[in-house]
Structure formats: structure tokens, C-alpha cells
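Beneath this line is the structure, given in C-alpha cells, with notes to follow.
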Amino acid sequence: MDDTRTSLDVKEYPDTEVQKNRILTLEDWQEKWVERKITFHQEQGHQLLKKHLDAFLKGESGLRVFFPLCGKAVEMKWFADRGHSVVGVEISELGIREFFTEQNLSYSEEPIKEIPGAKVFKSSSGNISLYCCNLFDLPRADIGKFDRIWDRGAFVAINPGDRKRYADIMLSLMRKGFQYLLSVFSYDPTKYAGPPFYVSDDEIKRLFGSVCTCQCLEKVDAFEERHKSWGIDYLVEKLYLFTEK
């Protein structure tokens with residue numbers, strides 16, 4: 001096997017230059033759901049989250065957990081089943097409805113008065129609320145603060161030019177004593193335009209390091225056969241834990 005594929009200590013690229021002008025619209029993401037181009041969805045949930053879940057929750061009960069760009073992530077049910085309160089945001093109404101249907105959860109929907117055209121979907125049990133709107137509009141809805149953030153597929157999906165704005169929103173949502181788990185990818189961004197977009201260690205420290213202690217918990221080889229079509233020959237997933245400084 002090729003060394004570049006197996007080595008998890010991969011070269012850092014000047015990411016701010018390579019993909020900085022790449023833009024996907026909200027309509028592009030909605031279209032992915034309609035056309036079923038959702039290979040980012042993990043039906044069995046995220047294995048690294050599962051592995052680190054107990055350490056992430058620290059045995060605490062009744063936590064508020066935020067899922068940015070949640071899609072129909074099955075992990076939302078994991079947290080709800082453990083007695084925590086889950087809030088997600090997702091632009092695709094289709095994705096939100098599929099979550100409730102596939103998890104066999106009854107739900108209600110209502111407009112979000114602060115955001116024209118937006119809706120919030122709530123499980124009948126009351127412990128899952130999913131906002132269907134642009135993530136950058138969400139602060140207007142005053143959704144409160146969170147004990148935990150699980151960021152898988154969100155930071156790597158937003159347009160690179162929006163990262164500072166995104167990080168500022170995430171930091172504004174965190175309560176004292178927070179824990180924030182972030183999954184990102186390393187690959188050669190000169191060979192694939194994204195998404196998921198390439199994220200460097202330096203950018204993580206630059207955007208979150210003033211407020212958070214940033215620790216890389218684990219690196220895993222995430223390369224699959226389908227990634228060959230991206231033109232890359234390695235893909236490393238990195239799991240970071242941010243805690244309060």
C-alpha cells in the first residue's frame with residue numbers, strides 16, 4: 001500500500017489559499033438531498049463519537065447538545081435517549097423530516113417568527129428541536145447556550161470564506177464548562193476542491209484558540225474506495241476536543 005495513504009502525519013497545506021474562493025449555495029445543499037447525493041450521512045452513526053462518547057458527556061445528565069448542519073444524523077437520537085436535550089440546524093427540510101420518520105419519532109412544526117420562511121420541528125417528547133434555516137440566521141432565534149457541540153460535517157461543509165463568522169457563532173453558543181467535538185479532514189486540496197473542505201491545524205487554532213484549549217484526540221485513515229473519484233490518494237480524519245481555557 002502507498003505510504004501516503006497509510007501515514008496519518010500528513011503534510012499541511014496553506015488552506016487559506018487553495019480553496020478560499022470555493023462557494024456552494026444553500027440551494028446546492030438542498031439539491032444534494034433531493035438528488036440523494038448524501039454520502040456524508042452515516043447510517044450507523046459516527047464511530048469516533050461512539051468511542052469517545054462517555055468522555056464527551058463526562059457522566060453529566062440533562063445537557064444541551066447542539067448539532068450544526070445536522071442533516072438526519074442518528075447521533076441526535078443517541079443523546080436524546082440518554083436524557084439530553086438536542087438542538088440542530090439544517091437547511092434541508094427533507095433531511096429533517098427523514099430524521100423523524102427514520103427514527104420513528106412523532107413531531108410538530110411551527111414557523112420561526114424571527115426568521116421569515118424558517119421553521120422549527122420538535123419531537124413530541126420535547127427533547128429534540130431542529131431548526132430549518134440558514135445557520136447564519138440562527139442567532140436571531142435566540143436558541144440559548146449549550147453544554148456540548150458535536151460538529152461533524154458542518155465546519156468542513158461551510159464555504160471556507162465563512163469560517164470566521166461560523167466560529168464566532170459557535171463560540172457565542174457555548175456555556176461555561178463546555179466541550180466541543182470537531183471532526184475535520186486532511187487531504188491534498190490541490191487535487192480535490194471539496195466539500196468536505198480541507199482544514200489545517202493552524203486554522204483551527206487561529207479561529208478557536210483564543211477561547212478554547214484545542215486537543216487532537218485521534219487521527220484515523222478515512223480513505224475509502226469512493227474517494228478515488230475525488231482524485232486524492234489519502235484522507236485522514238482528525239477529531240478535536242475544544243474545552244474552556
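Only the coordinates and a few stated rules stand behind these numbers; no lab work does. Predicted model only: the values in this text are computed from it and were never measured. Cβ: placed from backbone, ideal geometry, glycine included. Neighbour counts: every protein chain shown.
Per-structure values
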read-out	value
Whichever lysines have a C-alpha closer than 20 Å to that of Lys113, once near sequence neighbours (fewer than 8 apart) are set aside	Lys122, Lys145
Alpha-carbon centroid distance for the pair segment 194-222 / segment 179-193, whole angstrom	8
Positive dipole terminus of segment 3-106, leading residue within Trp78, Leu26, Gly95 (C-beta point charges)	Trp78
Segment 88-168 - charge dipole about Cα centre, Lys and Arg +1 at Cβ, Asp and Glu -1, debye rounded to 20	220
Amide proton proximity set for Tyr107, modelled H, under 5 Å, gap of 5+	Ser124
Cα shape, segment 1-104, gyration tensor, a/c 1.5 rule	oblate
Dimensionless Rg over Rh [the chain; C-alpha; Kirkwood]	0.94
Within straight-line cross-link reach of Lys11, aspartates and glutamates at Cα separation under 19 Å, skipping those fewer than 8 residues along the same chain	Asp2, Asp3, Asp188, Asp201, Asp202, Glu203, Glu218, Asp221, Asp233, Glu237
All aspartates and glutamates inside 12 Å of Lys72 as judged from Cα atoms, apart from same-chain residues fewer than 8 positions distant	Glu43, Glu90, Glu93, Glu98, Glu102
Among beta bridges that DSSP assigns inside the chain, antiparallel share in %, nearest 5	60
Placed amide H near Asn159: partners under 5 Å, 5+ positions off or other chain	Leu24
Environment charge of Ile115, counting only residues whose C-beta is closer than 13 Å and scoring Lys/Arg +1, Asp/Glu -1	-1
Amide H contacts of Ile112 (H built 1.01 Å from N, under 5 Å, at least 5 apart or other chain)	Ala118, Lys119, Val120
Average silhouette area of segment 105-221, convex hull of alpha-carbon atoms, in square nanometres	9.2
